[in-house]
Amino acid sequence: MEGCPICEKHQGKGMLVGEVLYEDEQVLISHAPPAMVGGYLGYFFVDAKRHARGLADLSDEEACALARIVTRLARALERDGAEHVYAFTFNHVPHHHVQVVARHPGTPREFWGPRVDEWDDAPRGDEAKVAILCDRLRATF
């Protein structure tokens, strides 16, 4: 859809483009660009490939595919050392996506939940470190 930043991302354009971890005909997983999340490692977007405004616009097949992939990603992140994994669906952009975010060991309680990436001592990195993380996780997919 023209003007949709997530559709543009799927075409490799725009400010949302990040390291792609997994893609199939219904779902795309990418790590958030480091500049967008202060370099926080383990901040992923799981997007519906088709432009769907929100949950209610997904087909049953798309909803199941998204749920399956979100669960696989959470398992992979926990195997990689995350102490907990969050799945947020805010949909500020009218294209359904789920933010899947690792909470790293030692994260103070005041940073649990949507503020998890604000913890100054969280693992952080640039595109190279994001690529290394994604390489470790790819075996799950």
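The values are calculated or read from the model by the stated rules, or taken from the named source; none is laboratory data. Since the structure is predicted, the reported quantities are computational estimates derived from the model, not experimental observations. Note that each Cβ is placed from the backbone with ideal geometry, even for glycine, and that neighbours are counted across all protein chains shown. Quick note on the areas: whole protein, heavy atoms, side chains included, nothing else; ligands and nucleic acids left out. Shrake-Rupley method; radii C 1.70, N 1.55, O 1.52, S 1.80 Å.
Summary of values
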{"item": "Cysteines, the chain, no other Cys beta-carbon under 4.7 Å", "result": "64, 134"}
{"item": "222 nm mean residue ellipticity, helices alone, for the chain (DSSP H n ≥ 4; -39,500 (n - 2.57); rounded to 500)", "result": "-8500 deg cm²/dmol"}
{"item": "Förster-model FRET efficiency, 25 Å R0, residue 89 and residue 23, C-beta, rounded to 0.05", "result": "0.80"}
{"item": "Among [x] 67, 47, 23; [y] 39, 30, 28; [z] 70, 39, 25, the entry derived from the coordinates for Cα extents along the principal axes in Å", "result": "[y]"}
{"item": "Cα-projected label distance for residue 64 with residue 135, points at 7 Å along beta-carbon direction, nm", "result": "3.6"}
{"item": "Using alpha-carbon coordinates, inclination of helix 127-138 to the longest axis of the chain, degrees", "result": "70"}
{"item": "Cα-based helix-to-principal-axis angle, 60-79 vs the chain, degrees rounded to 10", "result": "10"}
{"item": "Relative contact order computed over the chain (Cα-Cα under 8 Å; 6+ residues apart), in percent", "result": "27"}
{"item": "Net charge over other residues, Cβ less than 12 angstrom from the Cβ of residue 68 (K, R count +1; D, E count -1)", "result": "-1"}
{"item": "Solvent-accessible area, 1.4 Å probe, carbon plus sulfur percent, for the chain", "result": "52"}
{"item": "GluC sites (Glu not before Pro) within segment 22-111: DSSP coil, no more than 14 neighbouring Cβ in 10 Å", "result": "25, 83"}
{"item": "Cα centre as origin, Lys/Arg/Asp/Glu Cβ charges: the chain dipole, Debye", "result": "180"}
{"item": "Of 20, 88, 74, farthest towards positive along the dipole that unit charges on Lys, Arg, Asp, Glu beta carbons give the chain", "result": "74"}
{"item": "Relative contact order of segment 70-141, pairs being alpha-carbon contacts under 8 Å that are 6 or more residues apart, as %", "result": "30"}
{"item": "Three-way shape label, segment 1-44, alpha-carbon gyration tensor, a/c 1.5", "result": "oblate"}
